[in-house]
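Student: I'd like to ask you about the structure that follows.
The values are calculated or read from the model by the stated rules, or taken from the named source; none is laboratory data. Bear in mind the structure is a predicted one, so any value in this text is a computation, not a measurement. Backbone-built Cβ (ideal geometry, glycine too); neighbour counts: all protein chains shown. Note: areas computed on protein heavy atoms with side chains; ligands, DNA, RNA excluded. Shrake-Rupley method; radii C 1.70, N 1.55, O 1.52, S 1.80 Å.
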Amino acid sequence: MTSHALARMVGAALGLAAAAGCTLGPDPERPATAADVGDHYVYASTAEAEPLPDVTPWWREFGDETTTELVELALANNTDLQVAAARVLEAEANLSRAGGARLPQVGYGATASKQRNSFVLPNIGRQTIDSITYSYNFNVSWQADLFGRLKRTQQSTWANLLAEEAAREAVVHSVVASVVRARVMVAATAWALDINRQIAASWEKTTQTVDRRYRAGIAGAVELHLARENLASARASEAVLAGQLEQARLALDVLVGRRPGSAEMLPATMPKLPSLDPVPLGLPVALLDRRPDLRRAEMQLSAATYGVGAAIANLYPDLSLTGSVGESADSINELDLTNFVYNIVANLTGPLFSGGQRRADVEASRARAEQAAAAYAGAVLNALREVEDALVLSESSIQSYNLTTDRVAEARAADSLAKERYQRGVETLLTVLETERRLRLAEQAIITNTTDVWNARIALFLALGGDWGTDSTDSESEPIVAAGTQAKSEIPNSELLIPNSNEVF
């Protein structure tokens, strides 16, 4: 067969491969979910058609520069983010590898061999001949991918890359929320410690009063022991709170990627309450694109769907073309481009019987796609629940804060009056102890309620997908549901707890 005939055969094989090439299996589609059903959230307080604000980092809405600095530090140094970024790089490398498998593979080789043969010739006897051979070659191989197995594999790898990128973004949101929560915890614990110190100082004065009354014979020894017990209890609580404050600071150090215990005390710049301006919620279906965890679940579904096509294509034959060209000579000087040798092979292989393994691979890939679809639907339901949970928590925490504000005011008034009456000798120490206990519980409750208001706000931003807002096109077409409008007017400006809007932890 001449070289021209071989070239025509290879050309015909390539033409056949191009003509017969197809892609098997389903293409991914976004399935219908619970987010497509409703046009608003169940527990949203109001519905307004106002433009969405510009996209801004949501933690800046809290008006605390220290929080912003901590978040930026975490985004630069957090180890979980570094792990997520490395996974994205790994996925990019896998995509490059999958794409390279669809391209011709080109290689080269060179050999130098020396061989000695020994044989017996009639009438001559044993003879020994040494031979040296030099050769080089360039080779090319290409898989035609007649039924799209390599293409589907590449598409699946591409979807996995997008899933890892969305996972990295989800880690970013999670880390930012954790930093803000840790900042709130540090501020709230410091506030609780300050209140406990005030209580201890108050009990020290009360104990001194009881001691004077005891020495004067007005109060009994039991009253003195009770007063000392309450002072010791307050001091013990102070030690516990001081330890909790240090633990909260250590946890924050880890989140921002610095050595635990190496940071200075945080400044008291955090507002007592977050801004309660309405947060535009958008349509529930917008969560599918705004939340990175949902985008990740959708891309995992796409990858599994592409995997079905790759498994189906594996049932059909593969066509591979290989060729090589080079020279072979007895000395290096004879490698002068005149002693060409070449080799061209078209290889068609396919399964006849594999014991049902390949069919089982198809069924397994379809099962994985069904798993991914169910996981995506579940993730959407969970995302909707998180938004509704945040709305419920926001409303309930504000109501509880309002009632606890009144509780603290009444407890302080009762405590002040009881101590005044005790000093005048018209009230018993048991009444003072009871009012002090109730005041302490009320102070603890207001700290818990304040933390709940903060956490509800953080949870709402996180549930909506982190940075909130859309471009001008979306803002003109989507009706906006705002949360917190009604609640804002219900927050009292109590002189006991919040003298002004700039008061800080």
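Student: Would you say D130 is open to solvent by 40 Å² or more (accessible area, probe 1.4 Å), of a type outside the set (V, I, T) and at pLDDT below 80? Step through it out loud before you land on a result.
Tutor: Working: open to solvent by 40 Å² or more (accessible area, probe 1.4 Å): yes; of a type outside the set (V, I, T): yes; at pLDDT below 80: yes.
So D130 fits the description; yes.
Student: Here's something else I'd like to know. Tell me which of these T189 doesn't satisfy, since it passes every other one: (1) within 26 Å of the chain's Cα centre (by Cα); (2) within 30 Å of T269 (Cα to Cα).
Tutor: Looking at each condition in turn, T189 falls short on (1).
Student: Looking at L224, L231, L250, which is the one that is free of Cβ contacts under 8 Å to residues at least 24 places away in the same chain, open to solvent by less than 30 Å² (accessible area, probe 1.4 Å), farther than 25 Å from P57 by Cβ and in a helix (DSSP H, G or I)? Break it down stepwise before answering.
Tutor: On the way: L231 fails: free of Cβ contacts under 8 Å to residues at least 24 places away in the same chain; L250 fails: open to solvent by less than 30 Å² (accessible area, probe 1.4 Å).
So the residue among L224, L231, L250 that is free of Cβ contacts under 8 Å to residues at least 24 places away in the same chain, open to solvent by less than 30 Å² (accessible area, probe 1.4 Å), farther than 25 Å from P57 by Cβ and in a helix (DSSP H, G or I) is L224.
Student: Hey, another quick one. A17 fails exactly one of the following numbered conditions: (1) under 22 Å from the mean Cα position of the chain (by Cα); (2) open to solvent by less than 40 Å² (accessible area, probe 1.4 Å); (3) at pLDDT below 85. What is the number of that condition?
Tutor: (1)
Student: Here's something else I'd like to know. Within the stretch 287-332, can you find the residues that are part of a helix (DSSP H, G or I) and surrounded by fewer than 17 Cβ atoms within 10 Å (Cβ to Cβ)? Don't jump to the end; show me each part of the working.
Tutor: Within the stretch 287-332, the first condition is being part of a helix (DSSP H, G or I), and the residues that meet it are 287-290, 292-313, 332.
Within the stretch 287-332, D289, I332 qualify.
Student: Residues in the stretch 147-167: is at least one open to solvent by 50 Å² or more (accessible area, probe 1.4 Å), among the aliphatic types (A, V, I, L, M) and either within 30 Å of P260 (Cα to Cα) or not in a strand (DSSP E or B) (or both)?
Tutor: Checking the stretch 147-167: at least one residue is open to solvent by 50 Å² or more (accessible area, probe 1.4 Å), among the aliphatic types (A, V, I, L, M) and either within 30 Å of P260 (Cα to Cα) or not in a strand (DSSP E or B) (or both).
Student: Follow-up. Does I398 qualify as being part of a helix (DSSP H, G or I) and farther than 30 Å from A459 by Cβ? Full working, then the answer.
Tutor: On the way: part of a helix (DSSP H, G or I): yes; farther than 30 Å from A459 by Cβ: no.
For I398, the condition - part of a helix (DSSP H, G or I) and farther than 30 Å from A459 by Cβ - is not met.
Student: Output the residue which, of all residues in the stretch 363-373 that are open to solvent by 60 Å² or more (accessible area, probe 1.4 Å) and touching a residue at least 40 places away in the same chain (Cβ under 8 Å), is farthest from R290 (Cα to Cα). Before the answer, list the steps.
Tutor: Step one: list which residues in the stretch 363-373 are open to solvent by 60 Å² or more (accessible area, probe 1.4 Å), which gives 363, 366, 368, 370-371.
With touching a residue at least 40 places away in the same chain (Cβ under 8 Å) added as a condition, the list becomes 366, 368, 371.
Details: R366: 28, R368: 25, Q371: 23 Å.
So, considering only residues that are open to solvent by 60 Å² or more (accessible area, probe 1.4 Å) and touching a residue at least 40 places away in the same chain (Cβ under 8 Å), the one farthest from R290 (Cα to Cα) is R366.
Student: Let me ask something else about it. Can you say whether A216 is surrounded by 17 or more Cβ atoms within 10 Å (Cβ to Cβ) and either polar (S, T, N, Q) or out of contact with any Pro (no Cβ under 9 Å at 6 or more places or on another chain) (or both), as far as the supplied structure shows? Even if it seems obvious, please write down each step before you answer.
Tutor: Numbers: surrounded by 17 or more Cβ atoms within 10 Å (Cβ to Cβ): no; either polar (S, T, N, Q) or out of contact with any Pro (no Cβ under 9 Å at 6 or more places or on another chain) (or both): yes.
Taking the combined requirement at face value, the residue does not satisfy it.
Student: What are the pairs with Cβ atoms under 7 angstrom where one residue, in the stretch 281-294, is farther than 24 Å from A84 by Cβ and the other, located anywhere, is small (G, A, S) and modelled with pLDDT under 90? Sequence gap at least six, or different chains.
Tutor: L281/A44; L281/A482; L281/A483; P284/A35; P284/G38; V285/A35
Student: How about the stretch 417-427: which of its residues are at negative phi and open to solvent by less than 70 Å² (accessible area, probe 1.4 Å)?
Tutor: Residues of the stretch 417-427 that are at negative phi, as a first pass: 417-424, 426-427.
Once the filter is applied, which keeps residues that are at negative phi and open to solvent by less than 70 Å² (accessible area, probe 1.4 Å), the stretch 417-427 yields A418, K419, Y422, E427.
Student: Here's a follow-up. I'd like to know if the stretch 198-210 contains one or more residues that are in a helix (DSSP H, G or I), surrounded by 14 or more Cβ atoms within 10 Å (Cβ to Cβ) and basic (K, R).
Tutor: no
Student: Just to be sure before I move on: is L391 surrounded by 17 or more Cβ atoms within 10 Å (Cβ to Cβ), assigned to a helix (DSSP H, G or I) and in contact with a strand residue (DSSP E or B) (Cβ under 6 Å, 6 or more places away or on another chain) in the structure I sent?
Tutor: yes
Student: Can you tell me which residue is nearest to the chain's Cα centre (by Cα) among those in the stretch 69-82 that are without any contact (Cβ under 8 Å) to a residue 60 or more places away in the chain and exposed (fewer than 15 other Cβ atoms within 10 Å of the Cβ)? Spell out how you get there, then give the answer.
Tutor: Restricting attention to the stretch 69-82, the residues satisfying the condition of being without any contact (Cβ under 8 Å) to a residue 60 or more places away in the chain are 69, 72, 82.
With the extra rule that they be exposed (fewer than 15 other Cβ atoms within 10 Å of the Cβ), the set shrinks to 69, 82.
Details: E69: 20, Q82: 12 Å.
Filtering the stretch 69-82 for residues that are without any contact (Cβ under 8 Å) to a residue 60 or more places away in the chain and exposed (fewer than 15 other Cβ atoms within 10 Å of the Cβ), the one nearest to the chain's Cα centre (by Cα) comes out as Q82.
Student: Would a scan of the stretch 111-127 turn up a residue that is open to solvent by 30 Å² or more (accessible area, probe 1.4 Å), under 30 Å from A346 (Cβ atoms) and in contact with a Gly (Cβ under 6 Å, 6 or more places away or on another chain)?
Tutor: If we filter the stretch 111-127 for residues that are open to solvent by 30 Å² or more (accessible area, probe 1.4 Å), which is where we start, we get 111-124, 126-127.
Those still in the list that are under 30 Å from A346 (Cβ atoms) too: 111, 113.
Those still in the list that are in contact with a Gly (Cβ under 6 Å, 6 or more places away or on another chain) too: none.
No, there is no match, as no residue in the stretch 111-127 is open to solvent by 30 Å² or more (accessible area, probe 1.4 Å), under 30 Å from A346 (Cβ atoms) and in contact with a Gly (Cβ under 6 Å, 6 or more places away or on another chain).
Student: For the stretch 165-218, which positions are without any contact (Cβ under 8 Å) to a residue 60 or more places away in the chain and among the acidic types (D, E)?
Tutor: Within the stretch 165-218, D194, E204, D211 qualify.
Student: Run Y376 past the list (1) open to solvent by 40 Å² or more (accessible area, probe 1.4 Å); (2) touching a Leu at 6+ places or on another chain (Cβ under 8 Å) and report the number of the one that doesn't hold.
Tutor: (1)
Student: Any idea which of S365, S354 is hydroxyl-bearing (S, T, Y), assigned to a helix (DSSP H, G or I) and out of contact with any Ser or Thr (no Cβ under 8 Å at 6 or more places or on another chain)?
Tutor: On the way: S354 fails: assigned to a helix (DSSP H, G or I).
Unique residue meeting the criteria: S365.
Student: Also, I was wondering about something else. Sort through S400, S494 and tell me the only one that's modelled with pLDDT under 90 and either over 30 Å from G220 (Cα atoms) or among the hydroxyl-bearing types (S, T, Y) (or both).
Tutor: Details: S400 fails: modelled with pLDDT under 90.
Exactly one of S400, S494 is modelled with pLDDT under 90 and either over 30 Å from G220 (Cα atoms) or among the hydroxyl-bearing types (S, T, Y) (or both), namely S494.
Student: On to the next question. Would you be able to say whether some residue in the stretch 335-345 is over 30 Å from S131 (Cα atoms) and touching a residue at least 12 places away in the same chain (Cβ under 8 Å)?
Tutor: Step one: list which residues in the stretch 335-345 are over 30 Å from S131 (Cα atoms), which gives none.
Looking for residues that are over 30 Å from S131 (Cα atoms) and touching a residue at least 12 places away in the same chain (Cβ under 8 Å), one finds none in the stretch 335-345, hence no.
Student: When the stretch 130-153 is examined, which residues are found to be among the hydrophobic types (A, V, I, L, M, F, W, C), more than 14 Å from T322 (Cα to Cα) and in contact with a strand residue (DSSP E or B) (Cβ under 8 Å, 6 or more places away or on another chain)?
Tutor: Quick first cut of the stretch 130-153, residues among the hydrophobic types (A, V, I, L, M, F, W, C) only: 132, 138, 140, 142, 144, 146-147, 150.
Cutting the leftovers down to more than 14 Å from T322 (Cα to Cα) gives us 132, 146-147, 150.
Once the filter is applied, which keeps residues that are among the hydrophobic types (A, V, I, L, M, F, W, C), more than 14 Å from T322 (Cα to Cα) and in contact with a strand residue (DSSP E or B) (Cβ under 8 Å, 6 or more places away or on another chain), the stretch 130-153 yields I132, L146, L150.
Student: Let me confirm something: among A268, A251, A311, A286, which residue is more than 26 Å from the chain's Cα centre (by Cα) and within 30 Å of V453 (Cβ to Cβ)?
Tutor: Within the list A268, A251, A311, A286, the selection yields A268.
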